[in-house]
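Please read the structure below before turning to the comments.
The values are calculated or read from the model by the stated rules, or taken from the named source; none is laboratory data. All figures in this text were calculated on a predicted structure; none of them were measured in a lab. Don't worry about glycine lacking a Cβ; one is built from the backbone with ideal geometry, like all the others, and counts go over all protein chains shown.
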Amino acid sequence: MTSSGDAFSRQALVRHRGEQNTADCRRSTPAVHPRPQTGQTAWSPRCIAATRRRACSSTLHRLDLHLSEQNTAVGDFVADSGTPHSRQYRRADPPDVTSPIVEPYRPPDQRSQTLTQYAGPPGDGPGKDGPAATLGLAAALGEQLLTALPSAVLGRLQDQLDSGELLALAPLPQVQQDTFNDVVASLKDCPDYQAPAIRRHFVPLLTSTVRFLANRTNRGRDKHTKKTAYLFAPAPGETLPHEVELQEDLHDFLDAAGFDVQMEAIDRSGGRADIVVRLPGFDIVIECKREKRKASREDLKSYLGQTIAYQATGVTLGMLAVLDLTPKPHWLANIRDNMWTEHIQAPAPEQRDRWAVVVRVPGNRQSPSGM
């Protein structure tokens, strides 16, 4: 009885020491039972130690396999060198880019190198200020497109951007844009028009006048009101309209477009102007006339004397609006043929030349079905 009790005590002591060693290795200590429970096997200390050694050896082996890759990944992140981790996405090296790169707009002190390559030296490049002047144009069109354009075209586009022409022309149909461009091309020698402060504000007036001409040329007789009845042939017994009807119609059109306009303005070069458009820093005088017999370009030059006479104290730029009341048995002229620019030479070398934009509004007309 005594010998069996001693054997049982020694077995319990061995089991307790094994569990204590397990607890020292940061494992939870199971409850100590005098004998294994159902489904459990009694582990000897030697078996437990061998199992632990195998587990530790396997763990250290896995760490050794990944240690070099982990160090490489950290070095690549810090020093931008080495091979990326085996599970990281591997990117190909970027190609050697030699073609021009499209860059966003930058201020002049951060101007693009690509832009300066084709813009040329200051004073010779597009625009008046060389490369810096084309930065706004590059922002509008993109540098990749600009590289394919000759310098003359770039200069013209830059001028249009500076003066607001690009934005003003954008909503206009193609034929109206052509009409505008023809007029502007004839103003290339006008110093006042080329001045940015004047051109910037004259361009919207010019585009509005083109729209007025197109709108009144399209106006149909069956839908017209009394206000636009002057555009059509009078009924039997009625007389032809006077220029005041064109004057009022053009005045109201420009007023609705947001311009500061005045009719019959006094004290204009010693006389009274039909329409005065007040723009920032200067005024534009519009002279209104009617013509019943001959309305060719050459014939209408007789009205230019009075038109440019109002330019004595202002810019050398004005407008002449003529209501064409000549018979029209055929189709109406295209609007590109009804708006142009006249350059009037000064009578003395010491005086300035003058310019006038002429708008010929077709009146006394029939509907297309009546031709």
Where the second residue is exposed (fewer than 11 other Cβ atoms within 10 Å of the Cβ) and not charged (D, E, K, R) and the first is in the same structural domain as residue 298 (by TED's automatic domain parsing) and under 30 Å from residue 191 (Cα atoms) and lies in the stretch 348-371, which pairs have Cβ atoms under 7 Å and are six or more apart or on separate chains? 353/345
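Listed here are the residues, each with its yes/no results for (1) modelled with pLDDT under 80; (2) farther than 14 Å from residue 199 by Cα; (3) assigned to a helix (DSSP H, G or I).
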{"position": "148", "(1), (2), (3)": "yes, yes, no"}
{"position": "158", "(1), (2), (3)": "yes, no, yes"}
{"position": "162", "(1), (2), (3)": "yes, no, yes"}
{"position": "168", "(1), (2), (3)": "yes, no, yes"}
{"position": "176", "(1), (2), (3)": "no, yes, yes"}
{"position": "181", "(1), (2), (3)": "no, no, yes"}
{"position": "184", "(1), (2), (3)": "no, no, yes"}
{"position": "187", "(1), (2), (3)": "no, no, no"}
What are the residue pairs meeting all of these: first residue in the stretch 223-244, first residue assigned by TED's automatic domain parsing to the domain that holds residue 293 and assigned to a helix (DSSP H, G or I), second residue surrounded by fewer than 17 Cβ atoms within 10 Å (Cβ to Cβ) and among the β-branched types (Val, Ile, Thr), Cβ atoms under 9 Å, and 6 or more apart or on different chains? 231/217
